[in-house]
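The values are calculated or read from the model by the stated rules, or taken from the named source; none is laboratory data. What you see is a predicted model, and the numbers here were worked out from it, not measured in a lab. Methodologically, a virtual Cβ is constructed for each residue, glycine included, from the backbone with ideal geometry; neighbour enumeration extends over all protein chains shown. Calculation scope for accessible area: heavy atoms of the full protein, side chains included, ligands and nucleic acids excluded. Shrake-Rupley method; radii C 1.70, N 1.55, O 1.52, S 1.80 Å.
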Amino acid sequence: MDRKLLFRSLIISGLASFAGVSAEQIDTCADWNPCCFDYGLNPPATCPSCSDCNWYGEISYLYWKPYIENAHAAEVVSTDRIVASSDQPNATLGGATRTENKDFKFDWDSGFRVGLGIGFPCDKWGIAVNWTHYRTDASYSDRGNSTITSDGNNTLITNAKIPLPGFYNDQSIRVGAITQQSSELDSDWDFQFNVVDLDLFRNYYVGCSLAIKPYVGLRALFLKSQIDSFAQYEGSSDEAFLGNLKIAQHLRSDFKGVGLKGGVDSFYELMCGLGIYGDIGAAVIYGNYDLKHRALTIAGPISDQDNQTYVAENELPFCYDTLRLMTDLKIGLEWRETFNCNQNMVIIKAGWEHHLLVNGSQFQTLESSGGTPGVPPPAKQTGGDLSLYGFVFSIGVSF
């Protein structure tokens, strides 16, 4: 026999004797109980096998709610002001104005996660693949009105409350909208979130109650966010102003990226297979944003609705590469129960998750719908953090 192999066998036999368990005890599964061994052995929850791989499958139901920074559905302008109406219809002489941003009313929605993993013999290293899918939407509607009176060359606007589309900052159009007597706005937001994780992990059993599983791997992230808005303003008492003003707006933000991830998963058993699990991780993702802002503005004199004209039709495409940081936090209760001679296990989880993509929401803000023909209108990048959080219910089986 090779001397190195003999020396290694002697060490293993000595450690097993020191732990108060023999090799025959480890191989049998009749009365497998990790807590019957000394803490130095660090046994797994199921009886280990040195010849077969261990497969694992899990399916999760997600009940999440999103929060997007700077997801403006509208700006509501409240004002009392005087506007010059004879020679310069869009010039403001004076008054008080209050502008309030209105975000979408985010709500809870459902998603799912599917996972499949394999643990190599003797419960050492393992590989897992997880696909997370979540889709949600939100809407916002508002109505407004104002009182408009004329006094010579000036128009007095009082008690005005006018909703304007978000990500639309053309000053002349805004003034034209405020000078209408009635207004309405409807905006819809649609969002899709897909993540594919490939993790390489190893379990470490700290006594019979605590298991720690550090992991590293790759993450592919796919985001789709879309906003469609329509606003209509009518009823100006002065034909010098833009009458029957309509604004149709479409915003799109797509992100595709891949990057490195890492973290630590853990489980601490309290009693009878019931315990607390936790997971903290982060990923650095390099990807591409494909943004588009398309706006169509139509206006015409109130006395001649058949001669309405296009004020502007603009499209603002923008595509760029960037680096994003994403964090993951999971915590909850987990119940484990072995079966089939302690070779297999069923796992049920109920917990809370929070996922944050730093500066992950990106849109283009239209600064002006007019300008020189053939010259693109100015635009401004608008961004904010993207969060998904909520409840998770999972069931998994190892076999």
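The single residue among 155, 136, 149 that is of a type in the set (S, T, N, Q) and within 24 Å of residue 291 (Cβ to Cβ) turns out to be 136. Counting only strands (runs of 3 or more DSSP E) that sit completely within segment 14-131, those holding 2 or more residues that are polar (S, T, N, Q), modelled with pLDDT of 65 or more and within 43 Å of the chain's Cα centre (by Cα) correspond to 54-68, 72-84, 91-103. If you go through segment 371-389 and pick out every residue that is open to solvent by 40 Å² or more (accessible area, probe 1.4 Å) and modelled with pLDDT under 90, you end up with 10.
Scan segment 261-289 for residues that are over 30 Å from residue 335 (Cα atoms) and either loosely packed, with under 15 Cβ neighbours inside 10 Å or touching a helix residue (DSSP H, G or I) at 6+ places or on another chain (Cβ under 6 Å) (or both) and jot them down. Residues satisfying the conditions are 284, 286, 288. Per the listing 146, 139, the residue uniquely of a type in the set (Gly, Ala, Ser) and buried (at least 16 other Cβ atoms within 10 Å of the Cβ) is 146.
Restricting to segment 179-204, name every residue that is part of a strand (DSSP E or B) and open to solvent by less than 40 Å² (accessible area, probe 1.4 Å).
183, 185, 187, 189, 191, 193, 194, 195, 197, 199, 201, listed by residue number.
Every listed requirement among (1) open to solvent by 10 Å² or more (accessible area, probe 1.4 Å); (2) over 12 Å from residue 78 (Cα atoms); (3) not in a loop (DSSP other than H, G, I, E, B) is met by residue 159 save one, (2). Scanning segment 263-297 for residues that are among the small types (Gly, Ala, Ser) and under 20 Å from residue 193 (Cα atoms) turns up 281, 282, 283, 287.
Of the listed requirements (1) more than 24 Å from residue 363 (Cα to Cα); (2) surrounded by 15 or more Cβ atoms within 10 Å (Cβ to Cβ), residue 167 misses just one: (1). Here 224, 256 are screened, and the one residue that is among the basic types (Lys, Arg), surrounded by fewer than 16 Cβ atoms within 10 Å (Cβ to Cβ) and modelled with pLDDT of 90 or more is 256.
Checking the structure you have, find out if any residue of segment 230-242 is surrounded by fewer than 18 Cβ atoms within 10 Å (Cβ to Cβ), modelled with pLDDT of 90 or more and under 17 Å from residue 140 (Cα atoms). Taking every residue of segment 230-242 in turn, at least one turns out to be surrounded by fewer than 18 Cβ atoms within 10 Å (Cβ to Cβ), modelled with pLDDT of 90 or more and under 17 Å from residue 140 (Cα atoms). In segment 116-127, the residues that are among the aliphatic types (A, V, I, L, M) form Cβ pairs under 6 Å with partners that are outside any strand (DSSP E or B) and modelled with pLDDT under 90, at six or more places apart or across chains, as follows: 118/53.
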